[in-house]
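Structure first, commentary second.
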């Protein structure tokens, strides 16, 4: 009973922390992108724009919820929730410090990868339920893309697993005690795996250059085109939560999770900083490239990334076996 | 579009169901108000129906009711992105009919204005094209903001010259209205040097970029025969291998005094049109520098300053004046009847004729290529709908 | 590089990595540059001398009388016909009885400034007249005079513009190049 209350409380705290972080990560991204474009991001709402995410959230809450008359109501209304749930659930398996986490499963990383792939169902429900050709077109492409990129994603994420020998996320983090042992510094394999991880993260989260899901200039807002108000907010929340989740996973797999100078209770702070580093790297790529066409995206995945990640995995297996 | 010509353009896929999608007038990448009714089979576009006319503002009727002194300020509004060349077409037509000489200094100033305008227009083209291809939240927006930053510098130059940033009213029948203020030539040269450097940055960012090349090479190929048959002009024509530039073919306003290269590419795809415009950037910078170096002293107009609305009267006659605008051949056909207003005025918009290319080159490509092709065709709907 | 992606493994990899390095390098360079934002309204951009801003009517510098003589030349030349003037005849000179200018339809083309024989109507170096009611932009004579006193005037006046444009009578061969003995304003630099 007590453990149930413990898990509930920790889960509640983590969930709220995630939502708070998601809103402020949007501000971080906007300011970072603005600096790369010779301008300043949000500046007026609060000192240097610090209250901007709150203003955005309030605005979305107060907006009218417009539902198209011909939309498939049940599917349309459920889609944001079905999309949001897996994106929140992935945080359950992440250990923020040794022993501090909601559920440090033995098959932690397997759970993470499997659940994060389930957001496709929510996406498709959103696209179909909107009864809009643009939305339909975009989710068709998106389903294609996410399915194609989940395979390399899994293979690349398995490289640190092989190097550690355990699927448990805290074990993987513990196997990188100090700077020299971070998996990113592992000769050749670590860097290649990190590179491939970044690319597959971009694709799995529909970030430019792989963002044909949203494709703002072709399909307006892709599957989100018919959503407004709080449902739109839920979709944005889910999207950014997924981005942060994979950033945290990247920090854990390659950058040594909570390792860093200073006392042990600074661990979560280092984890956060490293996750933000991965996030900013992804953002930097996002704001530098034009998007590529869907058949080219699939070509990159099947002809380039999949062989590459397979070879990498086999090479890691060979190295570990020796 | 009637049924027969539609059959010509539809490719014969059998069996699959077709979806009609509207890339409607309200669309982030239709470059203005343009409605394209796409017929899709899966992701492939099979036919394109173009609907225009959403921006019609009766310019040709306005031309009949406004006098030769009033209209040049309105002429900018046809191609509002490259306003100087539109004004130039109108005043040149009036000057040809009236056999009015334009002083050399005014001609050089017109060249400077037209070439600066070409640079500004191509900046906007590159920015919006990358914006369409890369997304408003992504790398496209980055290139867009860089290009707009460079364009702002050119617009600052125009603001120091005329007082306005977008719609100038610089030209008048007989010359130009404003002379360059002091220090303007120095500022202009500094801006040209800066833009020269920045264009190299854009090229570096885009040209070796495999993503960009994957989006543009081989897309929207317009063969030489097709280009000549449909009647396009400007960078589209030169990107398909036809070496035709009005500044060389029928030099106007002292263009024969300047030494510049006319870029021609053979491939006919979006990348070729991109290369043509990037070279045109640098050639325009060269022309501006030469014009500023050789700017003669003298009056800026052969007619006295406008004091009344009916001051300019053009005797009976008709003429068609064409200029090489940023998008192609901008032409103005005037019939004058001796009074202060034209009897009839007709605009030949460059983008209007260029849009005729779309139903020929889009079918067979994917939806994502539609925006890339439209961006490389670079329509401005003020010219299309007038 | 007329090659589709996904055809040759190692070349694709090399191309993509090179592209990534260069494009991200440009973005990083711009990250370090100073932003070009002007924090309006705390900072204002420097407007050039010839800036075409709001329209205004002026008073004579010496006598303090209104410059406008109600001749209606500006009304006739305005392309969108936003100016309406009624003349008031008096003994020594005429005045404008009413002078309305519909600023919401004005094109800011400066033609009215150009034709004015007494430099009465000019443009200001400011455009700060945003309102929430369009009727406030229907400027009458008092409002136009107030604007004239409130902001900085820009360089262009009727006589100034006409002098700049009119060719001097002493040079009939005005197409000659730099050795022509023409004396005008605005020399080449």
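The values are calculated or read from the model by the stated rules, or taken from the named source; none is laboratory data. Only a predicted model underlies this, so the values are computations on that prediction, with no experimental measurement involved. Heads up, the Cβs are rebuilt from the backbone with ideal geometry, glycines too, and the neighbour counts pull from every protein chain shown.
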- Task: Look at residue A:18 and say whether it is more than 14 Å from every other protein chain (Cβ to nearest Cβ), in a helix (DSSP H, G or I) and exposed (fewer than 15 other Cβ atoms within 10 Å of the Cβ).
- Result: no
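Taking only segment A:131-143 into account, find how many residues are at pLDDT 85 or above and buried (at least 19 other Cβ atoms within 10 Å of the Cβ).
First, pick out the residues of segment A:131-143 that are at pLDDT 85 or above: A:143.
Filter once more, so that each one left must be buried (at least 19 other Cβ atoms within 10 Å of the Cβ): none.
Residues in segment A:131-143 being at pLDDT 85 or above and buried (at least 19 other Cβ atoms within 10 Å of the Cβ): 0 in total.
Residue-wise test of (1) within 14 Å of chain A (Cβ to nearest Cβ); (2) touching a strand residue (DSSP E or B) at 6+ places or on another chain (Cβ under 6 Å); (3) closer than 16 Å to residue B:168 by Cβ; (4) without any contact (Cβ under 8 Å) to a residue 40 or more places away in the chain.
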position: B:88; (1), (2), (3), (4): no, yes, yes, no
position: B:114; (1), (2), (3), (4): no, no, yes, no
position: B:117; (1), (2), (3), (4): no, no, yes, no
position: B:130; (1), (2), (3), (4): yes, no, no, no
- Item | Complete set of residues in segment B:290-305 that are at the interface with chain C (Cβ under 7 Å from one of its Cβ atoms) and under 25 Å from residue B:190 (Cα atoms) | B:295, B:296, B:297, B:298, B:300
- Can you tell me how many residues in segment C:51-64 are touching a residue at least 60 places away in the same chain (Cβ under 8 Å) and in a loop (DSSP other than H, G, I, E, B)? 5
- Answer with yes or no whether residue B:370 is under 30 Å from residue B:46 (Cα atoms) and either in contact (Cβ under 8 Å) with a residue 12 or more places away in the chain or not in a helix (DSSP H, G or I) (or both). yes
- What do you reckon, is residue B:312 in contact with a strand residue (DSSP E or B) (Cβ under 7 Å, 6 or more places away or on another chain) and either within 14 Å of chain C (Cβ to nearest Cβ) or not in a strand (DSSP E or B) (or both)? no
- Out of B:145, B:124, B:109, which single residue is in contact with a strand residue (DSSP E or B) (Cβ under 6 Å, 6 or more places away or on another chain) and not in a loop (DSSP other than H, G, I, E, B)? B:109
- Message: Just to be sure I understand, how many residues within segment A:163-180 are in a helix (DSSP H, G or I) and either buried (at least 19 other Cβ atoms within 10 Å of the Cβ) or in contact with a strand residue (DSSP E or B) (Cβ under 7 Å, 6 or more places away or on another chain) (or both)?
- Response: 6
- Message: Need the failing condition index for residue C:167 against (1) under 30 Å from residue B:298 (Cβ atoms); (2) in a loop (DSSP other than H, G, I, E, B); (3) touching a residue at least 24 places away in the same chain (Cβ under 8 Å), just the number.
- Response: (3)
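Just checking, how many residues over segment A:212-242 are at pLDDT 75 or above and in a loop (DSSP other than H, G, I, E, B)? If you could, list the steps in order and put the result at the bottom.
Filtering segment A:212-242 for residues at pLDDT 75 or above gives A:223-242.
When the remaining residues are screened for being in a loop (DSSP other than H, G, I, E, B), the result is A:225-229.
Here the count works out to 5.
Restricted to segment C:67-108, and to residues that are in contact (Cβ under 8 Å) with a residue 40 or more places away in the chain and under 16 Å from the mean Cα position of the chain (by Cα), which residue is nearest to the other protein chains (Cβ to nearest Cβ)? Outline the logic, then answer.
Residues of segment C:67-108 in contact (Cβ under 8 Å) with a residue 40 or more places away in the chain: C:67-69, C:71, C:73-74, C:96, C:98-101, C:103, C:106, C:108.
This time we only want the ones that are under 16 Å from the mean Cα position of the chain (by Cα), so: C:103, C:106, C:108.
Working: C:103: 16, C:106: 11, C:108: 7 Å.
The selected residue is C:108.
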- Which one is farthest from the other protein chains (Cβ to nearest Cβ), of the residues in segment C:48-66 that are farther than 30 Å from residue B:340 by Cα and surrounded by 18 or more Cβ atoms within 10 Å (Cβ to Cβ)? C:66
- Message: Looking only at segment B:317-344, count every residue that is part of a loop (DSSP other than H, G, I, E, B) and in contact with a strand residue (DSSP E or B) (Cβ under 6 Å, 6 or more places away or on another chain) and tell me the total.
- Response: 1
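Conditions tested, residue by residue: (1) touching a residue at least 12 places away in the same chain (Cβ under 8 Å); (2) within 30 Å of residue C:114 (Cα to Cα); (3) in a helix (DSSP H, G or I).
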{"position": "B:226", "(1), (2), (3)": "yes, no, yes"}
{"position": "B:236", "(1), (2), (3)": "yes, no, yes"}
{"position": "B:243", "(1), (2), (3)": "yes, no, no"}
{"position": "B:256", "(1), (2), (3)": "no, no, yes"}
{"position": "B:272", "(1), (2), (3)": "yes, no, yes"}
{"position": "B:295", "(1), (2), (3)": "yes, yes, no"}
- Taking residue B:216, is it within 12 Å of another protein chain (Cβ to nearest Cβ) and either crowded, with 16+ Cβ neighbours inside 10 Å or modelled with pLDDT of 90 or more (or both)? yes
- Query: Name the pairs whose Cβ atoms lie under 8 Å apart, with the first residue in segment B:143-163 and within 10 Å of chain C (Cβ to nearest Cβ) and in contact (Cβ under 8 Å) with a residue 60 or more places away in the chain, the second surrounded by 20 or more Cβ atoms within 10 Å (Cβ to Cβ) and assigned to a helix (DSSP H, G or I), and 6 or more positions between them or separate chains?
  - Reply: B:143/B:126; B:143/B:127; B:143/B:130; B:143/B:131; B:143/B:134; B:143/B:202; B:143/B:205; B:143/B:206
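Please state which one of A:184, A:147 is touching a residue at least 60 places away in the same chain (Cβ under 8 Å), out of contact with any strand residue (DSSP E or B) (no Cβ under 8 Å at 6 or more places or on another chain), surrounded by fewer than 24 Cβ atoms within 10 Å (Cβ to Cβ) and closer than 22 Å to residue A:207 by Cβ.
Details: A:147 fails: touching a residue at least 60 places away in the same chain (Cβ under 8 Å).
A:184 is the lone residue from the list that is touching a residue at least 60 places away in the same chain (Cβ under 8 Å), out of contact with any strand residue (DSSP E or B) (no Cβ under 8 Å at 6 or more places or on another chain), surrounded by fewer than 24 Cβ atoms within 10 Å (Cβ to Cβ) and closer than 22 Å to residue A:207 by Cβ.
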- Note on the structure: Within segment A:272-307, residues facing another protein chain (nearest Cβ under 7 Å) and under 14 Å from the mean Cα position of the chain (by Cα) come out as A:286
- Is it the case that residue A:101 is farther than 25 Å from residue A:275 by Cβ, modelled with pLDDT under 90 and surrounded by 15 or more Cβ atoms within 10 Å (Cβ to Cβ)? no
- Message: Can you find a residue that is under 30 Å from residue B:103 (Cα atoms), touching a strand residue (DSSP E or B) at 6+ places or on another chain (Cβ under 8 Å) and either at pLDDT below 80 or not in a loop (DSSP other than H, G, I, E, B) (or both) anywhere in segment B:20-37?
- Response: no
- Message: Checking residue B:97 against (1) more than 14 Å from chain A (Cβ to nearest Cβ); (2) under 21 Å from residue B:189 (Cβ atoms), only one condition comes out false. Which one?
- Response: (2)
- Query: Which residues, counting only those in segment B:71-106, are surrounded by fewer than 24 Cβ atoms within 10 Å (Cβ to Cβ) and in a loop (DSSP other than H, G, I, E, B)?
  - Reply: B:77, B:80, B:99, B:100, B:101
- Item | Selection within segment B:182-213 - part of a loop (DSSP other than H, G, I, E, B) and facing chain C (nearest Cβ under 7 Å) | B:208, B:209
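Among the residues of segment C:75-87, is any under 15 Å from residue C:139 (Cα atoms) and out of contact with any helix residue (DSSP H, G or I) (no Cβ under 9 Å at 6 or more places or on another chain)? Can you show your working first?
The first filter runs over segment C:75-87 and keeps only residues under 15 Å from residue C:139 (Cα atoms), leaving C:75, C:81-86.
Adding the requirement that they be out of contact with any helix residue (DSSP H, G or I) (no Cβ under 9 Å at 6 or more places or on another chain) leaves C:86.
Within segment C:75-87 (the criterion being under 15 Å from residue C:139 (Cα atoms) and out of contact with any helix residue (DSSP H, G or I) (no Cβ under 9 Å at 6 or more places or on another chain)), the answer is yes, since at least one residue qualifies.
Within segment C:65-109, which residues are in a helix (DSSP H, G or I) and farther than 28 Å from residue B:312 by Cα? Even if it seems obvious, please write down each step before you answer.
First pass over segment C:65-109, keeping only residues in a helix (DSSP H, G or I): C:73-77, C:103-105.
Matches in segment C:65-109: C:104 only.
Which residue, of B:17, B:60, is touching a strand residue (DSSP E or B) at 6+ places or on another chain (Cβ under 8 Å), away from every other protein chain (no Cβ under 12 Å), surrounded by fewer than 21 Cβ atoms within 10 Å (Cβ to Cβ) and part of a helix (DSSP H, G or I)? Talk me through it step by step, then tell me what you get.
On the way: B:17 fails: part of a helix (DSSP H, G or I).
After ruling out the rest, the residue left standing is B:60.
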